[in-house]
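Step one of this worksheet: look at the structure below.
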């Protein structure tokens, strides 16, 4: 008896072709074979009916070769997880969304990755080729190709199954070459299901045959010039951006700092390139860093764009253009001199360029004598001020700094630290020290909220032997709270510390500072995040007194489950961290704010019943 799939006694398709000289593969199978050639280990997403051949291929072919599918509860989280997987491992992961709403839901996570130059492959399913571009009335129709163009390095529609290998190879080449970033691949449902005769061993070559796997050699004369500038400097300074971590150049930065006896200041996104308790490391934004930035006569700027967190390299706090000399190293020529004119620009991989500069300097037999103790003293005094606030504040309600202090001293140096939120991220900056590369995750350039929980889950999948903790505001936490179920299902025993002040703290703080405490749209109910966690299979703990924080952390670890510690922090203290006014000045530069007028109350007229 037949049915929709034909004769029920008919052998499976793979057996029919087993004896043939040419193997017939579906588009989904070819896609999986391409991902396996690139060593992809994870696809994060939510299945849809337009992509079933792809998921079936992961099940039948990919799983036995190390390709794993992770279902999330929202596509945004899938994109965040692919992003985080690269931040922690340096490997490329894939996120997937089905046609229309599934693809659109990926956008927030892809945007955060694009802003921070994170390479990943974004795959979206699409309606059939004969119904799209332009659409003529199909359900869930969406121009996904153009939707992703502004937030990816490249977006492409694969309109024939035979082009999948070629275009996947191009996608990886673009994602990983130059300044890295996400790429988008849109695959119609008939293309992913269609079969073609193809021998993957002959048609899908290894990466070395279709993209550069070694960085270009930098110009030797520029290397020599940079080394001479640094060797003759009175006070050289190294400014290390996130690109240093992405290309694995942390060891070179540390070696150069020790060779030159030069201070190192990382960008906010580049933290962890050097241990933050090293004598030459100055915490960004600290008085020691600001003094060093103004005094340095030569700055070596590596792997960053000098954004608003770096004050765009302007004077002050940096030295004047033409007086303070700048060397900039970046893989992307468009970054050279982007926000500050340079005296010497070197386009190249930071790791290779720094290694060449170190070789030149060692040949000069340098013996610099520089005393960095004053810069370090200023930085440590700045930290000590926050520590005093943390330890002297009342036990109830709990000051946000006390939470940061207790959490950071609980976890080992190599723990992976994830930060998510507005004021929570500011407070964390003061006392949440980072000691190793690839152990600090924060959607810094986008300032995106809700990434913390997905970042942590992917980090634990990547590094199961490491402790992973999240410092997150209650507003940011609730944006992807559904991923607690994902954490429990995957048995990723992360620990999430929620700073619960029942408000959008940063925005309410700005309304307090700039609008005379006229608050609108910033207050929540007191949500029991610990009970939400329990309902999703995680451990939930509520803390209301500072002395209970340590016991709560012990209890969370002992549970062996993903845990949420819901900490009731001082809502008034959380409104205005010390740098809030500085941040507001940066973000509102050029915007004329209204005068702080007193609230005018209008009495409603009385009406007779």
Failed item in (1) more than 15 Å from the chain's Cα centre (by Cα); (2) surrounded by 23 or more Cβ atoms within 10 Å (Cβ to Cβ); (3) farther than 17 Å from residue 87 by Cβ, with residue 421 passing the rest: (1)
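Give me a count of the residues in region 524-566 that are touching a strand residue (DSSP E or B) at 6+ places or on another chain (Cβ under 8 Å) and assigned to a helix (DSSP H, G or I).
14
Given the criteria closer than 15 Å to residue 530 by Cα, surrounded by fewer than 22 Cβ atoms within 10 Å (Cβ to Cβ) and modelled with pLDDT of 95 or more, does residue 487 qualify? Give the steps one after another, and end with the answer.
Details: closer than 15 Å to residue 530 by Cα: yes; surrounded by fewer than 22 Cβ atoms within 10 Å (Cβ to Cβ): no; modelled with pLDDT of 95 or more: yes.
No: the conditions fail for residue 487.
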Test: residue 294 is assigned by TED's automatic domain parsing to the domain that holds residue 327, over 27 Å from the mean Cα position of the chain (by Cα), modelled with pLDDT under 95 and more than 25 Å from residue 420 (Cβ to Cβ): no
The lone exception for residue 360 - which of (1) surrounded by 15 or more Cβ atoms within 10 Å (Cβ to Cβ); (2) over 32 Å from the mean Cα position of the chain (by Cα); (3) at pLDDT below 95 it fails: (3)
Output for region 503-523, where each listed residue is in a helix (DSSP H, G or I) and in contact with a strand residue (DSSP E or B) (Cβ under 7 Å, 6 or more places away or on another chain): 505
Strands (runs of 3 or more DSSP E) (entirely within region 137-241) containing at least 2 residues that are at pLDDT 95 or above and under 27 Å from the mean Cα position of the chain (by Cα): 154-157, 183-188, 236-240
Subset of region 18-57 [surrounded by fewer than 10 Cβ atoms within 10 Å (Cβ to Cβ) and either closer than 21 Å to residue 176 by Cα or modelled with pLDDT of 50 or more (or both)]: 49
Given (1) at pLDDT below 95; (2) out of contact with any helix residue (DSSP H, G or I) (no Cβ under 9 Å at 6 or more places or on another chain); (3) in the same structural domain as residue 170 (by TED's automatic domain parsing), number of the condition residue 15 does not satisfy: (3)
Test for residue 385: is it outside the structural domain of residue 265 (by TED's automatic domain parsing), loosely packed, with under 15 Cβ neighbours inside 10 Å and more than 29 Å from the chain's Cα centre (by Cα): yes
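Of all residues being part of a helix (DSSP H, G or I) and farther than 17 Å from residue 406 by Cα in region 567-583, which is nearest to the chain's Cα centre (by Cα)? Just the residue, please. If you could, list the steps in order and put the result at the bottom.
Step one: of region 567-583, the residues part of a helix (DSSP H, G or I) are 573-575, 580-583.
Subset that is farther than 17 Å from residue 406 by Cα: 573, 575, 580-583.
Values: 573: 28, 575: 25, 580: 23, 581: 25, 582: 24, 583: 21 Å.
It comes out as 583.
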Condition met for residue 546 (within 22 Å of residue 429 (Cα to Cα), crowded, with 16+ Cβ neighbours inside 10 Å, touching a helix residue (DSSP H, G or I) at 6+ places or on another chain (Cβ under 9 Å) and at pLDDT 95 or above): yes
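Answer yes if at least one residue in region 384-393 is without any contact (Cβ under 8 Å) to a residue 40 or more places away in the chain and within 21 Å of residue 444 (Cβ to Cβ), and no otherwise.
Step one: filter region 384-393 for residues without any contact (Cβ under 8 Å) to a residue 40 or more places away in the chain, giving 384-385, 388-389, 391-392.
Within this subset, residues satisfying the condition of being within 21 Å of residue 444 (Cβ to Cβ) are none.
Within region 384-393 (the criterion being without any contact (Cβ under 8 Å) to a residue 40 or more places away in the chain and within 21 Å of residue 444 (Cβ to Cβ)), the answer is no, since none of the residues qualifies.
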Index of the failed condition, residue 449 passing every other in (1) touching a residue at least 40 places away in the same chain (Cβ under 8 Å); (2) in a loop (DSSP other than H, G, I, E, B); (3) within 23 Å of the chain's Cα centre (by Cα); (4) farther than 20 Å from residue 285 by Cα: (1)
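Residues checked against (1) under 23 Å from residue 476 (Cβ atoms); (2) touching a residue at least 12 places away in the same chain (Cβ under 8 Å); (3) surrounded by fewer than 24 Cβ atoms within 10 Å (Cβ to Cβ):
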residue	(1), (2), (3)
63	no, no, yes
67	no, yes, yes
80	yes, yes, no
91	no, yes, yes
111	yes, yes, yes
123	no, yes, no
127	no, yes, yes
134	no, no, yes
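On the given criteria, is residue 269 assigned by TED's automatic domain parsing to the domain that holds residue 351, in a loop (DSSP other than H, G, I, E, B), out of contact with any helix residue (DSSP H, G or I) (no Cβ under 6 Å at 6 or more places or on another chain) and touching a residue at least 12 places away in the same chain (Cβ under 8 Å)?
Values: assigned by TED's automatic domain parsing to the domain that holds residue 351: yes; in a loop (DSSP other than H, G, I, E, B): yes; out of contact with any helix residue (DSSP H, G or I) (no Cβ under 6 Å at 6 or more places or on another chain): no; touching a residue at least 12 places away in the same chain (Cβ under 8 Å): yes.
No; evaluated as a whole, the condition is false for this residue.
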Answer from 490, 531, 484, 479 - the residue that is under 24 Å from the mean Cα position of the chain (by Cα) and without any contact (Cβ under 8 Å) to a residue 40 or more places away in the chain: 479
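The values are calculated or read from the model by the stated rules, or taken from the named source; none is laboratory data. What you see is a predicted model; the values in this text were computed from it and never measured. Glycine also receives a Cβ, built like all others from the backbone with ideal geometry; neighbour counts cover every protein chain displayed.
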